[in-house]
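Report on one structure; see the data block that follows.
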Amino acid sequence: MRVLIVEDEKDLAMILSEILEMEGYYTDVVHDGVSGLDNALSDIYDIIILDVMLPRMDGIRVLSEIRKSSIGTPVLMLTAKSEVEDKVCGLDNGADDYLTKPFNTKELLARIRALLRRKEKVIIDENLKFADIILDKYTHQICKGDQKVKLTKKEYDIIELLILNYGKVISKEELTVKIWGYDADIEYNSIEVYISFLRKKLGAINSRVNISTVRGLGYTIKGEKDE
């Protein structure tokens, strides 16, 4: 899961990033509204944490522009203000939730989990169930009945991304950005190696889940009913 943090208080932004990465999220951090909007419009994020008071472009305007671009990424607004009017303005412009600073870390994480559950219907008990497999978030295992196979962190992230985007073709470019980040220096044949490993591990537990290559476009995942 990749999170965009748009927060001009650099110390707070760093703390947020550290907290989320300890929980297994990937984070990108920017400190002004224009940069936040530019990142958000890439539509590669699973959730956006957006401060209201930002330089160059305020958070409400950033949010409004995101929604005008038909991007439905869940947005959690942060503000130092507690007035009802500010919350109403954010919600009316497309915010999914609101949190007033200072906030409790446990509450922040709970709200993020709640937004992600709303977004992804396939999440059950914080594991992913797809066709004949269950993807265990904590052990990084693919399970089919009593059969289990261990995944590396990158293998887990790739198959999770494919499952959460079931029915879509994910390009190598999107895989690179979402799994390794914008500045990653990774060659596309490395992605092919990870896909090959995943296919072998699915085969090792006799799963009917298949990762298909769509020539010239990328990869898509298929379940037993798609065969």
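The table below lists the values:
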read-out	value
Boolean, ILE191 is at pLDDT below 85 and touching a Ser or Thr at 6+ places or on another chain (Cβ under 8 Å)	no
Matching residues, the range 10-36, being closer than 19 Å to ALA95 by Cβ and part of a loop (DSSP other than H, G, I, E, B)	ASP32
Given (1) at pLDDT below 90; (2) touching a Ser or Thr at 6+ places or on another chain (Cβ under 9 Å); (3) surrounded by 18 or more Cβ atoms within 10 Å (Cβ to Cβ); (4) more than 23 Å from LEU50 (Cα to Cα), number of the condition LEU162 does not satisfy	(1)
Residue pairs meeting the criteria (Cβ under 7 Å; at least 6 apart or on separate chains; first basic (Lys, Arg), in the range 127-138; second at pLDDT 85 or above and open to solvent by less than 50 Å² (accessible area, probe 1.4 Å))	none
Matching residues in the range 124-163 - criterion: being closer than 24 Å to GLU21 by Cβ, part of a loop (DSSP other than H, G, I, E, B) and of a type outside the set (A, V, I, L, M)	ASP125, GLU126, LYS137, TYR138, THR139, HIS140, THR152
Among the residues listed as TYR219, TYR166, the single one being within 28 Å of ALA40 (Cα to Cα) and assigned to a strand (DSSP E or B)	TYR219
Within the range 204-221, considering residues that are open to solvent by 40 Å² or more (accessible area, probe 1.4 Å) and small (Gly, Ala, Ser), the one farthest from LEU4 (Cα to Cα)	ALA204
Odd one out for ALA184, checked against (1) over 30 Å from ILE49 (Cβ atoms); (2) open to solvent by 30 Å² or more (accessible area, probe 1.4 Å); (3) of a type in the set (Gly, Ala, Ser); (4) modelled with pLDDT under 90	(1)
Hits in the range 186-215 - residues which are part of a strand (DSSP E or B) and closer than 14 Å to TYR156 by Cα	ILE211
Qualifying position, being open to solvent by 50 Å² or more (accessible area, probe 1.4 Å), closer than 26 Å to GLU192 by Cα, at pLDDT below 90 and not β-branched (Val, Ile, Thr), among LYS172, LYS148, LYS144, LYS153	LYS153
Top-ranked residue of the range 119-129 - restricted to ones that are at pLDDT 75 or above and open to solvent by 20 Å² or more (accessible area, probe 1.4 Å), ranked as nearest to LEU37 (Cα to Cα)	ASN127
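Matching residues to (1) open to solvent by 60 Å² or more (accessible area, probe 1.4 Å); (2) of a type outside the set (D, E, K, R):
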| site | (1), (2) |
| --- | --- |
| GLY24 | no, yes |
| HIS31 | yes, yes |
| ASP51 | no, no |
| SER64 | no, yes |
| PRO74 | no, yes |
| ALA80 | yes, yes |
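The values are calculated or read from the model by the stated rules, or taken from the named source; none is laboratory data. A quick note: this is a predicted structure, and the numbers were derived from the prediction, not measured. Note that each Cβ is placed from the backbone with ideal geometry, even for glycine, and that neighbours are counted across all protein chains shown. Quick note on the areas: whole protein, heavy atoms, side chains included, nothing else; ligands and nucleic acids left out. Shrake-Rupley method; radii C 1.70, N 1.55, O 1.52, S 1.80 Å.
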